[in-house]
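Structure first, then comments.
Nothing in this text is a laboratory measurement; each read-out follows from the coordinates by a stated rule. Model, not experiment: these values are computed from the prediction. Cβ placement follows ideal geometry from the backbone for every residue including glycine, while neighbour counts extend to all protein chains displayed.
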Amino acid sequence: MQPRLYWQIHKLAFLLEKRADESLKQQVNIGFAQYKVLEAIGRNSLAKQNMIAELLDQTEASISRQIKILEKKELIVVATVMGNKRARELSLTETGESLLQQCEEILDLAQAQIIGSLSYQEQRHFQELFERMLTKARS
């Protein structure tokens, strides 16, 4: 009996994330969880913590932990929003921007090691199928 598709997708996602986490920790001393937050802030300057949590489909508590780590490493700036002491605006520092670029290069290489065995056409098709499944899963 062949494994179910959801199991294979889960296993692939797990292995990709594990490889990404190991590569990032080894080369730039941050984990994949911190990278995801860093990347989300990079795409959404002055984003608020709740927005980042929503973008990443994670809890605010989980994002809060990552933000504390990134702030301590001086990769992001956390500023209070005028008129709302609980809200926080997030932005990358110059160091954070530089590290984000390094991370993207590391992850491109890690991805290529796994997905590079597929032809360009297969990769595009794979990406299109995944995008359709993600869209359906979110609705």
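So the values come out like this:
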{"read-out": "Calculated from backbone phi, Karplus (6.51, -1.76, 1.60) coupling profile of region 77-84 in Hz, x at Gly/Pro", "value": "10, 10, 10, 6, 8, 4, x, 9"}
{"read-out": "Amide H partners (placed H, <5 Å) of ILE30, local residues excluded", "value": "LYS25"}
{"read-out": "For THR93, distant residues with modelled amide H under 5 Å away", "value": "ILE76, VAL77"}
{"read-out": "Student exercise, the chain dipole from Lys, Arg, Asp, Glu Cβ charges, in Debye to nearest 20", "value": "580"}
